[in-house]
Structures are given as structure tokens and as C-alpha cells.
Amino acid sequence: MAKFRQLRDCLESCGLARPQQFQRPLPCPRRWLEFVHEREYHKAFAQGELDRAAQRRIGLPATKPLVRRTWLAVGGTVLTARLALQHGLACHLAGGTHHAFPSYGSGFCIFNDIAVAARVLLEQGLVQRLLVVDLDVHQGDATAVIFAADPRVFTFSAHGASNFPSRKQRSDFDLPLPDGMEDQDYLEAIGNVLPELLEQHQPDLVLYNAGVDPHRDDRLGKLSLSDQGLLQRDHLVIDACLRRNIALASVIGGGYDALSPLVKRHALVFRAATDQARLHGL
């Protein structure tokens, strides 16, 4: 959990964010969470009553600090989405827990923050159509399942074909990528797909999972992107949305390395957002 504090410190020290640009979210209300997650599941997690099998599937111990962070992170993604609709672009310093299914967690993910945010915005009438752009190296399997029968949310996942989860789900558009893919081929693959999806579906908002685990040094990644490749990816996604007047909210997604390089990689999407906001006059 130390990376979240270090990421904020990094953004301030690098001049990518001023103190007044940060907004503090409130924990997600239960009624919002239940747009996606079953009450029995979230109560068991919050009260430390998940059985061992459920905890092993998540891969994290249900400590009180983790419970607080989890509810707060979901509230943060909802706030980020609202700010994006207001300003055109907003970035969350957490989020991207896309392996959390309605009745159980998986792969270090407890609640599906993007799915909750999407449902909250839809229920409140703030949007009519959303597009999830999930570029974490692992497929957004739970997000795909949650919205499989919901035409208001289009799910796009570009992920390592051989990576976790072993059993893939069906997104609205899946782009499986071969092990070892490097910057140029990766950027071409995303660039050949994303603009057409935006044109076809004309979403009111893009929810962008900017996971940094496609990096070549990531312990769980299997792809071979450089820092520059990740930065170019984030520029590509943000620019494609803003040039079409589509608001974008980003979450940081996954990344598995020592804290210092990991924090610097997570900061890349904020650097791209800062540059693109300037270019597009936000």
C-alpha cells in the first residue's frame, strides 16, 4: 500500500500535480457497491468472514487497513469519473481491480471499481454509453462478465494471450497479444483498434485502465514495453479520446516490481494526461 502515498509524492516532486489538484474521495456507499457486488460477499469481506478459499483466490489478507483502502479506492474511481465528465480528463491514484466478480474476488482484486463507477454514472443518468479501455496486461475478465448483457457499456481488453487468467472471458472486443511484444508492435496494435471503437460507439466517457504490467521488467507481465512505450501508449489513448471530445477517467491498474521503479511507471499516465490537457486546452 505504500506505493499510493509514494505516487502522490512523486507527482508533486516531478511537478505533475499541485496540491490543489488533488481531491479526497469518500468511501463507496454500500448502495453503490451493490450495483455490482452481492451483499453477502461484501459484508463477509468487510467483517473478516471470508473463508480461506475465498481469501486465497484474492491473494490478500483481509486486514482492517485493506478494508478501508478498498472501499475508499472504489469511491475514488467514482469521483474520478465524475471529475472527468466535468473537466474532460481526470486521473485516479489507485483503481483498476478488474478481476473482482460480483460474488467473489480474484487476482489481488476485491471490488471492481470501474464496474461500480460505470453503474453509478448510468443509474444517476450522467452518461448513456461508456467504453472501458483495459490495457492492463491481464484480461479484464470480471469486467467483461459484469457487462456482458449490458449494451450501454462496451468492454475492450488488450492483454497477454498466455497470461492470467488462464480461463479468459469474452469482452466486447478482446485483443490477445503474444509474449515478448515490444513497443512498436504494441502501439500499432492498439492504434489500429481504438480509434475505430471510439468512432463506432461514441461513448460519453472512457474508463481507462492504464496498468503498467506490460513493462518488460514487470515480474508478472510477459510483454516487453519500455517506459517510453508505456508513455506513448497513454498519450495515444488520451489523445484519441480528447480529439473526439470524449471525456476520459484513468485508473492505475496493475504493476509488479520494486516500489521505486513501479511508482515511476504509474506516474507515466499522469505525465501523458498533463501533456494532453495542455495540448487540448483543458
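The values are calculated or read from the model by the stated rules, or taken from the named source; none is laboratory data. As the structure is a prediction and not an experimental result, all values here were calculated from the model. Using ideal geometry, Cβ is built from the backbone for each residue, glycine included, and neighbour counts are taken over all protein chains shown.
ASP183 - would you say it is under 27 Å from ALA73 (Cα atoms), crowded, with 16+ Cβ neighbours inside 10 Å and touching a strand residue (DSSP E or B) at 6+ places or on another chain (Cβ under 8 Å)?
So ASP183 fails the test.
Can you tell me which residues in the range 216-240 are of a type outside the set (D, E, K, R) and touching a residue at least 60 places away in the same chain (Cβ under 8 Å)?
LEU220, GLY221, LEU223, VAL237, ILE238
Looking at the range 50-72, which of its residues are over 15 Å from THR97 (Cβ atoms) and at pLDDT below 90?
Once the filter is applied, which keeps residues that are over 15 Å from THR97 (Cβ atoms) and at pLDDT below 90, the range 50-72 yields PRO61, THR63, LYS64, PRO65.
Taking the range 88-138 as the region of interest, how many residues are out of contact with any helix residue (DSSP H, G or I) (no Cβ under 6 Å at 6 or more places or on another chain), assigned to a loop (DSSP other than H, G, I, E, B) and without any contact (Cβ under 8 Å) to a residue 40 or more places away in the chain?
Of the residues in the range 88-138, 2 are out of contact with any helix residue (DSSP H, G or I) (no Cβ under 6 Å at 6 or more places or on another chain), assigned to a loop (DSSP other than H, G, I, E, B) and without any contact (Cβ under 8 Å) to a residue 40 or more places away in the chain.
Just for the range 32-77: of the residues that are in contact with a Ser or Thr (Cβ under 9 Å, 6 or more places away or on another chain) and of a type in the set (D, E, K, R), which one is farthest from HIS92 (Cα to Cα)?
So the residue we want is GLU40.
Can you tell me which of PRO151, PRO165, PRO195, PRO178 is without any contact (Cβ under 8 Å) to a residue 12 or more places away in the chain and either at negative phi or within 19 Å of the chain's Cα centre (by Cα) (or both)?
After applying the criteria, what remains is PRO151.
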